[in-house]
Structures are given as C-alpha cells and as structure tokens.
Amino acid sequence: MLRRPRRNRQSAGIRQMQQETRLHVSNLVYPLFLVDGKGIRTEVSSLPGNYRHSPDEALRTVESCLELGLSNFILFPSIEEKLKDKEATFSYHQDNFYLKVSRKIKEAFPESTLISDVAMDPYSSDGHDGLVSNGQILNDETLPILGKMAVAQAQAGFDIIGPSDMMDGRVGYIREAMDDSGFTNVGIMSYTAKYASAFYGPFRDALDSAPKDGDKKTYQMNPANRREALLEAELDTLEGADYLMVKPALHYLDVISDLKASSDLPIAAYHVSGECAMLIAACEKGWLDYQQAMPEAVLSIKRAGADVIITYFARDLAEILKNS
Ligand code: PBG
C-alpha cells in the first residue's frame, strides 16, 4: 500500500500537528436569560445548567465567565406578563431592566462584548415577533418598533444588535435608524437563515415567549430549504449586515457550510436550546459522555464553517479548553 492515511494518526503530536479545526474561547458566545429583581437564579427546567438571572446575578455570572476567558454574551429578557402589550412598548421603555443591566455589565466589564436580541416576542402579548392583526403577522408596520428597540439597545451599550425576527427589510431599516442616531459603530448580527424549528422549546420556556396563537412559519424559514438561505444572505449583505447567522446550528451544518463558501462576512451559528437540551438529557441518562460529546458537537459547528458559535455550552467548554 502506497497510501496509508493512518500514518498521520499515529501519535498525539502528529494528530495535533495536522489538525484542521480548533475550538477557541474567543469564538464562543454565551446566552444569558435575564429577569427583573434581586438575588434570582432560577434554573430553566428544560435546559439544566441554565438560569434566569436577576441583574446582580448576571453580573456575577459574567465575571466568572471573564475569569475563564469567555467574554462574549448574548442577552435575552424574560418579561412579566403584565408588562407585555400588542406593540411591545416595554422593549424600548427607559425602565426596561434589560437595557439597565446591559449598561451595568458594560460599565463594570468594558472588555465584554454584548449582543442583543431585537424582536417583539419577549414583550408581545401575542407572543409573536411582529404586530398581529386579524391573525396576520405584519411586516412593514413592525419596523418602527424594531428601530426604536435597536436604538435603545445601542444607547444601553450593546456592541452588536441581533435582529432575530426573520422578516423582511430588518437589517436595512435598523442600520439606518442607528446611523441616524449616531451609532455607526454598533454592528448588526443578522439572523439570516433562521428556521421555523422545533428546537426552540426550552428557550420559549425560559422566556415564556411561545406564540399564543399559530406558529412562526410565515416568517421563519422552512427547514426543507437550503438555497433560500443564499437569497436571505444576499439581502442581508446588501442591507449592511456585519455577520450572517444560521440557526439552529447542528441540524443545519449544510447551510453554515454554504454561507461560509458564498460570503466574505463572518458566519455565526446558533446552537439552540433544544439541540443542547437533547445532549444534556442523554448525558444525564448516562448514554453519552458530556466531557467528550459536548466539545465534539461544538467542534462540528466550527468545522462546518462557523466563525462565531453561540452555545449554552460556552461556559463549560471554556472551562474544558482552559484545562486542556
Ligand atoms: C426569538 C428568538 C428565539 C430564539 C432566539 N431568539 C425563539 C423563537 O424564534 O421563537 C431561540 C434560541 C434557542 O432556542 O436557543 N426572537
């Protein structure tokens, strides 16, 4: 045999020398769920190891992550039902604790990178990402709300704004709204190819944000479609996106790979709550080994082409990477 690929797998040194993909903590983003109050740290039952944090607890969590070298966070608010309305007005209200806590984190830890979520669902009494009228989710009418939300978040110190509603014309509208308010340096990570997936369940439990009626199939993408992601990527790029995101990640590695090959923008991937929950559950049952299976899952997302990986495993992975 002239060709023996096993020669390159002989020793740890040789294997590492020609290893193609490496995980690094700087590429990881840790999602944090926030609630108003004090001293609150409630575990999300469908996503063990993840919590709804009150602002004081969030600051402590951020600090402990920074000690591990993990400095990128994406923040999501859990809003009391009585503060929700059809127009999501609390999303840009000056009393919104989400805006206050991000300002505090940024002041206490200027080295952190904070990514926001721009969508109506956590604040909407309908549980939808847009205005609802006669059962229809309105596209253009929702834009001014998102513009106000994005500017309020930029004012609060977010580094990157994350429009996640998967409707049309978001990136361009938000870019203009932020530029008009002087936030030309605040970036946009667009949820470019976000699918109408069944894997968002634990996230909706955490935020109590499931749609009250119907589903999200008229705005989020059909899981069967691959080429459509290229169209979405083209539009977001023309509208001024700084990052293109694919979501979910593990079940959509082909889409990550396509966007990486066709775009010069950094590609982000969101390893979503349901994808993480199934691995956690299998490990709890003793069917998989967490220390091995979890890093392999995240590595696969990187190998597919993701530059930025948003994962609920970010903190545990940062710990493993630090010790290895
Ligand atoms: C909604 C939003 C969702 C997630 C992030 N932003 C859920 C949805 O579209 O219903 C899901 C993330 C996850 O499951 O981890 N704006």
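Hey, could you check region 222-235 for residues that are away from the ligand (no atom under 16 Å from the Cβ) and of a type outside the set (Gly, Ala, Ser) and say which is surrounded by the fewest Cβ atoms within 10 Å (Cβ to Cβ)?
Filtering region 222-235 for residues that are away from the ligand (no atom under 16 Å from the Cβ) and of a type outside the set (Gly, Ala, Ser), the one surrounded by the fewest Cβ atoms within 10 Å (Cβ to Cβ) comes out as Arg227.
Could you go through region 237-258 and let me know if any residue there is of a type in the set (S, T, N, Q), more than 15 Å from the ligand (Cβ to nearest atom) and not in a helix (DSSP H, G or I).
No: region 237-258 contains no residue that is of a type in the set (S, T, N, Q), more than 15 Å from the ligand (Cβ to nearest atom) and not in a helix (DSSP H, G or I).
Take the residues in region 1-52 that are basic (Lys, Arg) and within 24 Å of Ala281 (Cβ to Cβ); name whichever of them is surrounded by the fewest Cβ atoms within 10 Å (Cβ to Cβ).
It comes out as Arg41.
Counting just the residues of region 103-124 that are buried (at least 19 other Cβ atoms within 10 Å of the Cβ) and away from the ligand (no atom under 16 Å from the Cβ), which one comes out farthest from the chain's Cα centre (by Cα)?
Ile105
Among the residues of region 157-188, count how many are touching a Phe, Trp or Tyr at 6+ places or on another chain (Cβ under 8 Å) and more than 16 Å from the ligand (Cβ to nearest atom).
Total meeting the criteria: 2.
Being part of a loop (DSSP other than H, G, I, E, B), open to solvent by 50 Å² or more (accessible area, probe 1.4 Å), over 23 Å from Asn222 (Cα atoms) and in contact (Cβ under 8 Å) with a residue 12 or more places away in the chain, is that true of even one residue in region 137-152?
no
Need at least 3 residues that are within 22 Å of Ala156 (Cα to Cα) per element, so show me which strands (runs of 3 or more DSSP E) inside region 1-109 make the cut, counting only ones lying wholly within it.
In region 1-109, the matching strands (runs of 3 or more DSSP E) lie at 28-34, 72-77.
Working carefully through the options Gly201, Gly172, Gly214, Gly182, find the one that is without any contact (Cβ under 8 Å) to a residue 40 or more places away in the chain and either more than 20 Å from the chain's Cα centre (by Cα) or in a helix (DSSP H, G or I) (or both).
Within the list Gly201, Gly172, Gly214, Gly182, the selection yields Gly182.
Kindly indicate which of Tyr191, Tyr219 is within 16 Å of the ligand (Cβ to nearest atom), farther than 21 Å from Leu75 by Cα and either assigned to a loop (DSSP other than H, G, I, E, B) or in contact with a strand residue (DSSP E or B) (Cβ under 6 Å, 6 or more places away or on another chain) (or both).
Sole residue among the options that is within 16 Å of the ligand (Cβ to nearest atom), farther than 21 Å from Leu75 by Cα and either assigned to a loop (DSSP other than H, G, I, E, B) or in contact with a strand residue (DSSP E or B) (Cβ under 6 Å, 6 or more places away or on another chain) (or both): Tyr219.
Only one residue in Asp121, Asp126 is under 28 Å from Ile105 (Cβ atoms) and in contact (Cβ under 8 Å) with a residue 60 or more places away in the chain, so which one is that?
Of the residues listed, the single one that is under 28 Å from Ile105 (Cβ atoms) and in contact (Cβ under 8 Å) with a residue 60 or more places away in the chain is Asp121.
The values are calculated or read from the model by the stated rules, or taken from the named source; none is laboratory data. Note that the coordinates shown come from a computational prediction; the quantities given were computed from them, not determined experimentally. Ideal geometry is used to build each Cβ from the backbone, glycine not excepted, and the neighbour counts take in all protein chains shown. Quick note on the areas: whole protein, heavy atoms, side chains included, nothing else; ligands and nucleic acids left out. Shrake-Rupley method; radii C 1.70, N 1.55, O 1.52, S 1.80 Å.
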